[in-house]
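Everything below concerns the one structure shown next.
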Amino acid sequence: EVQLVESGGGLVQTGGSLRLSCAASGFIFEDYVIGWFRQAPGKERKGVSYIMIKDGSTHYTDSAKGRFTISSDNAKNTVYLQMNSPKPDDAAVYYCAADSLRHGDLTDLAAFDQWGQGAQVTVST
């Protein structure tokens, strides 16, 4: 029953915006760190951002800082990634993932126990 489902992907133009959603079910949402990762064709999966649900603390990689915002709606068990002014290099499949032990480390993909199916984001100029 543990499930993470991404939605909100699609085509966005440089200078536009897009909001991804990650709906969680089957676990105690507030006990987890929820992260966003992305994988472009032919490249490694890399972390983008995470939020610790219990206290609301957040972390961003340098590529995302200042342009992306992670947030949560705990009543809906949903995490969002707001993408503003995306660049062509932001195009990728975006995944949300859950870290049950709250390591809070985007470089440790193995720490994330559950993964969504991914949402495609395409950036055009």
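General remarks:
- Gly56 falls short on exactly one of the conditions (1) over 15 Å from the mean Cα position of the chain (by Cα); (2) touching a residue at least 12 places away in the same chain (Cβ under 8 Å); (3) farther than 13 Å from Gly116 by Cα, and that condition is (1).
A quick yes/no check of all residues on (1) in contact (Cβ under 8 Å) with a residue 60 or more places away in the chain; (2) in contact with a helix residue (DSSP H, G or I) (Cβ under 8 Å, 6 or more places away or on another chain):
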position: Ala75; (1), (2): no, no
position: Pro86; (1), (2): yes, no
position: Ser100; (1), (2): yes, yes
position: Ala119; (1), (2): yes, no
position: Val123; (1), (2): yes, yes
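- For segment 41-70, the candidate set comprises residues that are open to solvent by less than 30 Å² (accessible area, probe 1.4 Å) and not in a loop (DSSP other than H, G, I, E, B); within that set, the residue that is nearest to Glu1 (Cα to Cα) is Ile51.
- Residue within segment 62-69 that is touching a strand residue (DSSP E or B) at 6+ places or on another chain (Cβ under 8 Å) and within 15 Å of Gly116 (Cα to Cα) present: no
- Restricting attention to segment 26-40, the residues being modelled with pLDDT of 95 or more and surrounded by fewer than 19 Cβ atoms within 10 Å (Cβ to Cβ) number 2.
- Residue ID - surrounded by the most Cβ atoms within 10 Å (Cβ to Cβ), chosen from residues in segment 71-110 that are farther than 11 Å from Ile34 by Cα and of a type in the set (Gly, Ala, Ser): Ala92
- Breaking point among (1) closer than 18 Å to Trp115 by Cβ; (2) open to solvent by 70 Å² or more (accessible area, probe 1.4 Å), for Gly8: (2)
- Selected residue (criterion: farthest from the chain's Cα centre (by Cα)) from residues of segment 1-13 that are outside any strand (DSSP E or B) and either at pLDDT 95 or above or among the aliphatic types (A, V, I, L, M) (or both): Val2
- None of Ser63, Ser71 is within 14 Å of the chain's Cα centre (by Cα) and at pLDDT below 95 except Ser63.
The values are calculated or read from the model by the stated rules, or taken from the named source; none is laboratory data. Here the structure is a predicted model, which means the values were calculated and not measured. Here Cβ is always computed from backbone atoms with ideal geometry, including for glycine, and neighbour counts include all displayed protein chains. SASA here: full protein model, heavy atoms, side chains in, ligands and nucleic acids out. Shrake-Rupley method; radii C 1.70, N 1.55, O 1.52, S 1.80 Å.
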